[in-house]
Amino acid sequence: ISLMYSASDEIQPTAKIMHGDKGGFVTLSCNYSGSPYNLQWYRQYPRSAPKFLLLTTVSSNPSVVNATPPYPHLSIKLNKERTRLDLEISSADVTDSSLYYCALQPTVTGN
């Protein structure tokens, strides 16, 4: 397997700390540049490994892949300019308090 990606592919959170109200709507965002193939969100609770939440392809017709089982109160969105990835948490609860990661995945080609 060979990994093809540009050295200019980068992703950075827009804020290091976010606060929200219980039952409210919270949006976590990351800005990205370059040409990643897909972008993902992960959540990590203390003393646990990160857990995959959602993935979106970065294309003219993006598709979303949910974790199994899915997290129904989480959704993912790319902005129109394809420079920001949002994780939207509806009906936020105390159990949503965690460390979140946005990650980019380079295109995988070859066999």
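The values are calculated or read from the model by the stated rules, or taken from the named source; none is laboratory data. A quick note: this is a predicted structure, and the numbers were derived from the prediction, not measured. In this analysis, Cβ positions are derived from the backbone assuming ideal geometry, glycine residues included, and neighbour counts consider all displayed protein chains.
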### Query
Would you call residue 43 in contact with a Pro (Cβ under 8 Å, 6 or more places away or on another chain) and among the charged types (D, E, K, R)?
yes
### Message
Quick check on residue 63: is it surrounded by 13 or more Cβ atoms within 10 Å (Cβ to Cβ) and farther than 18 Å from residue 15 by Cα?
### Response
no
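Conditions tested, residue by residue: (1) in a loop (DSSP other than H, G, I, E, B); (2) in contact with a Ser or Thr (Cβ under 7 Å, 6 or more places away or on another chain); (3) modelled with pLDDT of 85 or more; (4) on the phi > 0 side of the Ramachandran plot.
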{"residue": "3", "(1), (2), (3), (4)": "no, no, no, no"}
{"residue": "7", "(1), (2), (3), (4)": "yes, no, no, no"}
{"residue": "18", "(1), (2), (3), (4)": "yes, no, no, no"}
{"residue": "22", "(1), (2), (3), (4)": "yes, no, yes, no"}
{"residue": "29", "(1), (2), (3), (4)": "no, yes, yes, no"}
{"residue": "41", "(1), (2), (3), (4)": "no, no, yes, no"}
{"residue": "53", "(1), (2), (3), (4)": "no, no, yes, no"}
{"residue": "65", "(1), (2), (3), (4)": "no, no, yes, no"}
### Message
I'm trying to understand the selection: among the residues of region 81-104, which are part of a loop (DSSP other than H, G, I, E, B), of a type outside the set (Ser, Thr, Tyr) and surrounded by 13 or more Cβ atoms within 10 Å (Cβ to Cβ)?
### Response
82, 92
### Query
Which of (1) part of a loop (DSSP other than H, G, I, E, B); (2) modelled with pLDDT under 90 does residue 48 not meet, given it meets every other one?
(2)
